[in-house]
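S.K.: A single structure is presented below for examination.
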Ligand SMILES: Nc1ncnc2c1ncn2[C@@H]1O[C@H](COP(=O)(O)OP(=O)(O)O)[C@@H](O)[C@H]1O
Ligand SMILES: O=c1ccn([C@@H]2O[C@H](COP(=O)(O)O)[C@@H](O)[C@H]2O)c(=O)[nH]1
């Protein structure tokens, strides 16, 4: 058994990625938690600490997808209700469970996927735009109900629950929905009291028991985030080692790439 000291991508890994020879299933991490608990912010911190944010999308080893992309298309009558804050976006029926499951299975099969982009202002997915998800080694999937559906929950290799108290969540949701999602104060508060809070208690909060790691205080909890980042780094290091060994011994790989993999192997350190 050998260890690699850095996690930079080698020529061997780049060759495989560019030629679609990804093969290996990514490590799939589910990130659940109530609205405005800090799920996206925690995922952003993890990506930042892994040096993924400024990287080209095609080269990223870690990618993040939101469950918001999987809100189902509403009927004309439902869109009118949504505009009045009278549609329940916090109920499991608001999501396209089938599309979510098919997409995650494609991602686990190492396929490149197109994911819808959700428009909160109009309560619909953008007709002319999708987000391309390139094969990666680690995929974060965040959303209020990512642990609710058993078929989806069972796909995760690691489950995180961002646990932020409801006062803080409401205090963050109000300005966010007004500034970023085009709502007014009355609409936000009515929706919160009628749908968001009851649905959190009925559908989201009970899924905390499925989590492997609960993150109190969300992105403020740097200790928890650092532990998770270290776990991902360990996974990436092991994955890189496996790919280098396979590439170096695979005769269909061009010889210069095999040589690069063997050279990378020269950096291996024997354990003490
Ligand atoms: N630790 C924090 N301190 C202050 N503001 C935060 C913190 N975490 C998140 N926020 C803010 O709260 C809002 C909701 O956070 P976000 O990460 O989008 O939550 P979620 O993805 O769970 O809905 C955003 O405006 C974000 O900037
Ligand atoms: O059209 C929509 C769709 C969703 N919502 C609300 O969004 C949150 C989930 O997103 P978070 O980023 O996790 O807060 C959910 O509570 C829905 O109520 C919406 O208001 N309008």
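S.K.: When the residues of segment 23-45 are narrowed to those that are assigned to a helix (DSSP H, G or I) and in contact with a helix residue (DSSP H, G or I) (Cβ under 6 Å, 6 or more places away or on another chain), which ends up nearest to ligand 1 (Cβ to nearest atom)?
M.R.: Among those that are assigned to a helix (DSSP H, G or I) and in contact with a helix residue (DSSP H, G or I) (Cβ under 6 Å, 6 or more places away or on another chain), it is 41.
S.K.: Taking the stated definitions as given, is residue 110 on the phi > 0 side of the Ramachandran plot and more than 16 Å from ligand 1 (Cβ to nearest atom)?
M.R.: On the way: on the phi > 0 side of the Ramachandran plot: yes; more than 16 Å from ligand 1 (Cβ to nearest atom): yes.
Answer is yes for this residue.
S.K.: Which of the residues spanning segment 82-95 are farther than 19 Å from residue 34 by Cα and surrounded by 15 or more Cβ atoms within 10 Å (Cβ to Cβ)?
M.R.: 82
S.K.: Mind telling me which of the residues 145, 160, 170, 189 ends up being away from ligand 1 (no atom under 16 Å from the Cβ) and either touching a strand residue (DSSP E or B) at 6+ places or on another chain (Cβ under 7 Å) or in contact (Cβ under 8 Å) with a residue 12 or more places away in the chain (or both)?
M.R.: 189
S.K.: Considering only residues that are over 19 Å from residue 190 (Cα atoms) and surrounded by 12 or more Cβ atoms within 10 Å (Cβ to Cβ), which ones fall in segment 70-81?
M.R.: Answer for segment 70-81, where residues must be over 19 Å from residue 190 (Cα atoms) and surrounded by 12 or more Cβ atoms within 10 Å (Cβ to Cβ): 70, 71, 72, 74.
S.K.: Hey, residue 102 hits all of (1) at pLDDT below 95; (2) away from ligand 2 (no atom under 16 Å from the Cβ); (3) assigned to a helix (DSSP H, G or I) but one; which does it fall short on?
M.R.: Only one criterion is unmet by residue 102, namely (1).
S.K.: I would also like to ask the following. Look through 144, 215, 152 and report the one residue that is within 14 Å of ligand 2 (Cβ to nearest atom) and either closer than 25 Å to residue 125 by Cα or at pLDDT 95 or above (or both). Before you say what the answer is, go through the steps one by one.
M.R.: Details: 215 fails: within 14 Å of ligand 2 (Cβ to nearest atom); 152 fails: within 14 Å of ligand 2 (Cβ to nearest atom).
Of 144, 215, 152, the one residue that is within 14 Å of ligand 2 (Cβ to nearest atom) and either closer than 25 Å to residue 125 by Cα or at pLDDT 95 or above (or both) is 144.
S.K.: Among the residues of segment 50-63, are any away from ligand 2 (no atom under 16 Å from the Cβ), under 22 Å from residue 151 (Cβ atoms) and under 12 Å from the mean Cα position of the chain (by Cα)?
M.R.: Yes, some residue in segment 50-63 is away from ligand 2 (no atom under 16 Å from the Cβ), under 22 Å from residue 151 (Cβ atoms) and under 12 Å from the mean Cα position of the chain (by Cα).
S.K.: May I pose another question? Looking only at segment 59-68, decide whether some residue is closer than 14 Å to residue 225 by Cβ and away from ligand 1 (no atom under 16 Å from the Cβ).
M.R.: yes
S.K.: Of everything in segment 66-85, what is over 29 Å from residue 140 (Cα atoms) and in contact (Cβ under 8 Å) with a residue 60 or more places away in the chain? Give them in sequence order. If you could, list the steps in order and put the result at the bottom.
M.R.: Within segment 66-85, the subset over 29 Å from residue 140 (Cα atoms) is 75-81, 83-85.
84, 85, listed by residue number.
The values are calculated or read from the model by the stated rules, or taken from the named source; none is laboratory data. Note that the structure is a prediction, hence the values are computed from the model and not measured. Glycine also receives a Cβ, built like all others from the backbone with ideal geometry; neighbour counts cover every protein chain displayed.
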